[in-house]
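The values are calculated or read from the model by the stated rules, or taken from the named source; none is laboratory data. Everything numeric in this text was worked out from a predicted model, so none of it was measured. Virtual Cβ from ideal backbone geometry, glycine too; neighbours counted across all protein chains shown. The protein model used for the area step is the full one, side chains on, heavy atoms only, and it has no ligands, DNA or RNA in it. Shrake-Rupley method; radii C 1.70, N 1.55, O 1.52, S 1.80 Å.
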Amino acid sequence: MGCALFNFWRFYGLELAKEEENERVVVEMASGLAPPSWDLDMKTEAHAGQASTNLAGLLKLSEGGGDAGATSPPVESSCNPRVFVSYTSSPWESLWLSNIRDWQAKKYVCDALFDQLEDLFKFQWQTCSWYPDGDDGEWCMKDDSLHQLWWNKKEGRTLTFPPPGKSPGPLSPVIPEDPSIFSHFVFKDACKGGEEYTEYIEPLTSHLRHPTSGCGTKFCLPEDCKPNQGGGKYFYDRSWVVPPPRLREGVGKKLYYDAGASTWDGGQGGNSLGYFTTVWARHGVEFDRIEAWEGTTPPPKFYDSVPAAFKDRVFYHQELIASTQGEAGPFVPDVIEEQAEERDYVLWKLDIDSGPVEQGNIDFLLSSPEHLRLIDEVVWEHHVKNYFMPHWDGGIDETKEIGDSYELFLRMRQAGIRAHSW
């Protein structure tokens, strides 16, 4: 550990000025793994040695839907400004898709990240919400509405308090545009003659939380770090989740469905209702209707926690959701189908700490094009064997690993859903 930290600070402290002089190494994946749309400039020799074929099957991206050259009929009130065209994994995501099963088996995830510091540093910088000295400065602040963390792009330091001479400022939306790090969707706007546009999303990396979550003191100086507490500073941080950019004109209602809502300002690991309504608002998304389910919270307690500004658009149900159609309890995909149109923006967060029920919902969604086309965003915690999460109690699918989670999230993204691990 001491040697690793020494090399880390030596490289990113004393030798940072030499970074641009380092030779760039282009890595060619094995035949059949890399679709033509990928730019596989992996940037370091470490990447070249890591591009194995463990998850070759995951790397066959779909062609996407829609004809990029087609034109749409004249604009109508029912037109859809978010017609899915394609999804492309970034080179950084592709590297993890190739290696995650091997790295999990060897418990090498944190070490692999340590070999990818250039990519990790780019990711950290571009997921900040405040840059006190602009893009040329060294410090930026991450804010997920629950926590604030300060990060230094020169030294790689993370602080839980403002560094000397810095203070929080106006928060901006997180809109990265680096295709080497962030994966992206292409949509077309049927309301504007089929005009195409791109949306970026966080890459599938690490164990599908913040990349450094669970790596303890490996990525911070001892004087900056508190006791590990099971995951370090980023364990409950959500600043790494990239919301959509501002929605285009023509989008209908903005609908948010939360299965496992607890209360507005509470929940294991932090609240979700307060998080999504606050952070998505920075991206211009003000929800018109919110449906929430929780099996244990009584309605009076739940509604007491709801801010006055949202009381007329929140509908709470003290019910356990169903895992599939025909089962007792509300089945969320069917609720969405009853309330949403294709032109609406739909966010669905699924985290009820019941693996089989959650898996049933996701399996159904992936098998039902009629429901898939209605949902824009899915946020889900997949409970599988994960050596970073030994405290998970019950509901874990012992037959599945992190690599299987990668596959499910990739399939949802390939179908046009901005799918985030949670």
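So if I check each of L366, L374, which one is part of a loop (DSSP other than H, G, I, E, B), modelled with pLDDT of 95 or more, more than 25 Å from C110 (Cα to Cα) and not small (G, A, S)?
On the way: L366 fails: part of a loop (DSSP other than H, G, I, E, B).
After ruling out the rest, the residue left standing is L374.
Taking the range 236-277 as the range and being of a type in the set (D, E) and modelled with pLDDT of 90 or more as the test, the residues that pass are E249, D258.
Do we find that L221 is open to solvent by 10 Å² or more (accessible area, probe 1.4 Å) and either modelled with pLDDT under 95 or part of a loop (DSSP other than H, G, I, E, B) (or both) in this structure? Answer is yes for this residue.
When P168 is evaluated against the numbered criteria (1) part of a helix (DSSP H, G or I); (2) open to solvent by 50 Å² or more (accessible area, probe 1.4 Å), which criterion, by number, is the only one it fails? Status for P168: all satisfied but (1). Taken across the range 197-205, residues that are crowded, with 23+ Cβ neighbours inside 10 Å, modelled with pLDDT of 95 or more and polar (S, T, N, Q) do occur, with at least one present.
Taking only the range 344-363 into account, find how many residues are within 17 Å of D397 (Cα to Cα) and either open to solvent by less than 40 Å² (accessible area, probe 1.4 Å) or in contact with a Phe, Trp or Tyr (Cβ under 7 Å, 6 or more places away or on another chain) (or both). Let's see the steps before the verdict.
Residues of the range 344-363 within 17 Å of D397 (Cα to Cα): 350-363.
Within this subset, residues satisfying the condition of being either open to solvent by less than 40 Å² (accessible area, probe 1.4 Å) or in contact with a Phe, Trp or Tyr (Cβ under 7 Å, 6 or more places away or on another chain) (or both) are 350-351, 354-355, 357-362.
So the count comes out to 10.
A search for C-beta distances below 7 Å between a residue of the range 104-116 that is under 17 Å from V384 (Cα atoms) and in contact (Cβ under 8 Å) with a residue 12 or more places away in the chain and any residue that is of a type in the set (S, T, Y) and surrounded by 14 or more Cβ atoms within 10 Å (Cβ to Cβ), counting only pairs 6+ apart in sequence or on different chains, returns V109/S206. Here E249 meets the list (1) in a helix (DSSP H, G or I); (2) open to solvent by 50 Å² or more (accessible area, probe 1.4 Å) almost entirely, failing just condition (1).
Scanning the range 122-159 for residues that are open to solvent by less than 20 Å² (accessible area, probe 1.4 Å), in contact (Cβ under 8 Å) with a residue 60 or more places away in the chain and not in a strand (DSSP E or B) returns F123, T127, C128, S129, D144, G156. Quick check on the range 299-316. Is at least one of its residues open to solvent by 30 Å² or more (accessible area, probe 1.4 Å), modelled with pLDDT of 95 or more and closer than 24 Å to N361 by Cα? Checked against the condition, which is being open to solvent by 30 Å² or more (accessible area, probe 1.4 Å), modelled with pLDDT of 95 or more and closer than 24 Å to N361 by Cα, the range 299-316 yields at least one hit.
Every test in (1) open to solvent by less than 80 Å² (accessible area, probe 1.4 Å); (2) touching a residue at least 40 places away in the same chain (Cβ under 8 Å); (3) not in a helix (DSSP H, G or I) is passed by E341 save one, and that test is (1). If you go through the range 325-369 and keep only what is farther than 23 Å from S421 by Cβ and touching a helix residue (DSSP H, G or I) at 6+ places or on another chain (Cβ under 7 Å), you end up with Q325, E337.
Contact map, the range 233-254: first residue under 20 Å from F187 (Cα atoms), second residue aromatic (F, W, Y) and outside any loop (DSSP other than H, G, I, E, B), Cβ cut-off under 6 Å, separation 6 or more or different chains; pairs are P243/W280; L247/Y345; V251/Y345; K254/Y345.
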